[in-house]
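**Q** The structure under discussion is supplied below as structure tokens; questions concerning it will follow.
Here, each number is a calculation from the coordinates, and none is a lab measurement. What you see is a predicted model, and the numbers here were worked out from it, not measured in a lab. As a convention, Cβ positions derive from the backbone with ideal geometry for all residues, glycine included, and neighbour counts pool all protein chains shown.
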Amino acid sequence: MSQLTSNQTEELRHERKFSISDYSALEVEQIIKYNPACFSEIYHPRQINNIYFDSLGYTSYYENVDGERDRVKARIRWYGNLFGPVEKPILEFKIKKGLLGKKEFYELTPFHLDHSFSKQTIVDALRKDRIPLDIQNTMLAMQPSLLNSYSRKYFISADKNFRLTIDTQLQFYRISYQQNLFVNTVVDHKSVVLELKYDSQYENEAKEIGSRFPFSLTKNSKYLQGVEKVLF
């Protein structure tokens, strides 16, 4: 990912998501490499970590369950080790408008994720001059609802119009504003999540690419899965 400013917005793009349980990660990689779009791996695999936030009534979760077309999901994301110092945390708002999605980014102050994590950790991380006050207030009105982590590989099509990611080794943890021992956890070694990402003008080509996969499309998000695994 390129260097982020304190407030950066992506363009709206399409995403097709496939949740896979009957193929191994290695089998999935072989399948996508034989796709006519000629996907090849880019970047190095990375561990992605997220703290998701929701209202007390889990509005974001229920909007996802109900299939609301327009919704916003808030999370703090970083790469590398899950626990310990978080040197480059990024606050992300994932915005869905029908079939299109984009993200807004804000750089946060570094923090530690360990048993001492509390609401004050988030308050301190939000103390950056360039984070708008309304964004700070929005986050402080929400609660940490889920911690998750997974390994991601990145691929791109030969024509550079389609990006694809493969996520494995999914881990989900209960998290709250205080008293976090991180003992309530679920580790999913079997599931593979594949996401195809592209600009809206390539919708027809994306359908053709997706039709060559022996996988079923899903609307189920990692956030929804995690909440149901460790909270409900």
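**Q** Taking 8 Å as the Cα distance limit and 6 or more residues as the minimum spacing, I'd like the relative contact order of the range 138-232 as a percentage.
**A** 28 percent
**Q** Could you tell me the largest-minus-smallest coordinate of the C-alpha atoms of the range 8-230 on each of the three principal axes, in descending order and whole angstroms?
**A** Principal extents (largest minus smallest coordinate, Cα): 50, 34, 34 Å.
**Q** Calculate, in nm to one decimal, what S21 and K97 gain on full extension: separation in residues at 0.36 nm each, minus their alpha carbon distance.
**A** Working: separation 76, 0.36 × 76 = 27.36 nm, distance 2.80 nm.
Length gained, S21 through K97: 24.6 nm.
**Q** Give a residue-ordered list of calculated ³J(HN,Hα) values for the range 105-120 (Karplus: 6.51 cos²θ - 1.76 cosθ + 1.60, θ = phi - 60°; whole Hz; x for Gly, Pro).
**A** 10, 9, 6, 10, 6, x, 8, 10, 10, 7, 5, 8, 4, 8, 4, 4
**Q** Now for a separate question. Using a Förster radius of 35 Å, what is the FRET efficiency between T138 and Q169 based on their Cβ-Cβ separation? Nearest 0.05, please. Let's see the in-between values first.
**A** Values: r = 31 Å, r/R0 = 0.89.
After rounding, the FRET efficiency stands at 0.65.
**Q** Name the shape class, rounded, prolate or oblate, that the alpha-carbon gyration tensor gives for the range 108-169, where a ≥ b ≥ c are the square roots of its eigenvalues, rounded holds for a/c under 1.5, and otherwise prolate holds if a/b is larger than b/c and oblate otherwise. Before the final figure, lay out each step's value.
**A** Numbers: a/c = 2.98, a/b = 1.81, b/c = 1.65.
Cα axes put the range 108-169 in the prolate bin.
**Q** Related question: Give me the lysines in straight-line cross-link reach of K33: C-alpha distance below 22 Å, same-chain residues under 8 apart excluded.
**A** Candidates past the 8-residue exclusion: K17, K153, K160, K190, K197, K207.
**Q** Right, another one. I need the phi-derived Karplus couplings for the range 61-66: 6.51 cos²θ - 1.76 cosθ + 1.60, θ = phi - 60°, integer Hz, Gly and Pro marked x.
**A** These are the phi-based 3J(HN,Hα) values: 4, 5, 5, 5, 4, 7 Hz.
**Q** What ³J(HN,Hα) values, in whole Hz, does the Karplus curve 6.51 cos²θ - 1.76 cosθ + 1.60 give for the range 145-156 when θ = phi - 60°, with x put for Gly and Pro?
**A** Per-residue couplings from phi come out as 10, 6, 10, 9, 8, 7, 9, 10, 10, 10, 9, 9 Hz.
**Q** Normalising by the residue count of the range 8-230, find the relative contact order in percent from Cα pairs under 8 Å and 6+ residues apart. Before the final figure, lay out each step's value.
**A** Details: 458 pairs, mean separation 64.8, N = 223.
In percent, rounded to a whole number, it is 29.
**Q** If the cut-off is a Cα-Cα distance under 29 Å, which lysines reach K119, setting aside same-chain residues fewer than 8 apart in sequence?
**A** Within the straight-line cut-off, K119 pairs with K73, K88, K94, K96, K102, K103, K128, K222, K229.
**Q** Separate question: Could you calculate the FRET efficiency of S118 with S200 from 1/(1 + (r/R0)^6), where r is the beta carbon distance between them and R0 is 30 Å, rounded to 0.05?
**A** Numbers: r = 42 Å, r/R0 = 1.39.
Given R0 = 30 Å and the Cβ-Cβ separation, E is 0.10.
**Q** Between the range 86-145 and the range 28-65, what is the C-alpha centre distance in whole Å?
**A** Going from one Cα centre to the other spans 19 Å.
**Q** Here is a further query. Could you give the dipole magnitude of the range 132-232 about its Cα centre, charging the beta-carbon of Lys and Arg +1 and that of Asp and Glu -1, in debye to the nearest 20? Display every interim value, and only then the final one.
**A** Working: 12 positive and 10 negative charges, 64 e Å.
Once rounded to the nearest 20, the dipole reads 300 debye.
**Q** Work out the FRET efficiency for E208 and Q30 from their Cβ-Cβ distance, taking R0 = 22 Å, and round it to the nearest 0.05. Present the calculation step by step, with values, prior to reporting the outcome.
**A** Numbers: r = 20 Å, r/R0 = 0.89.
According to the calculation, E is roughly 0.65.
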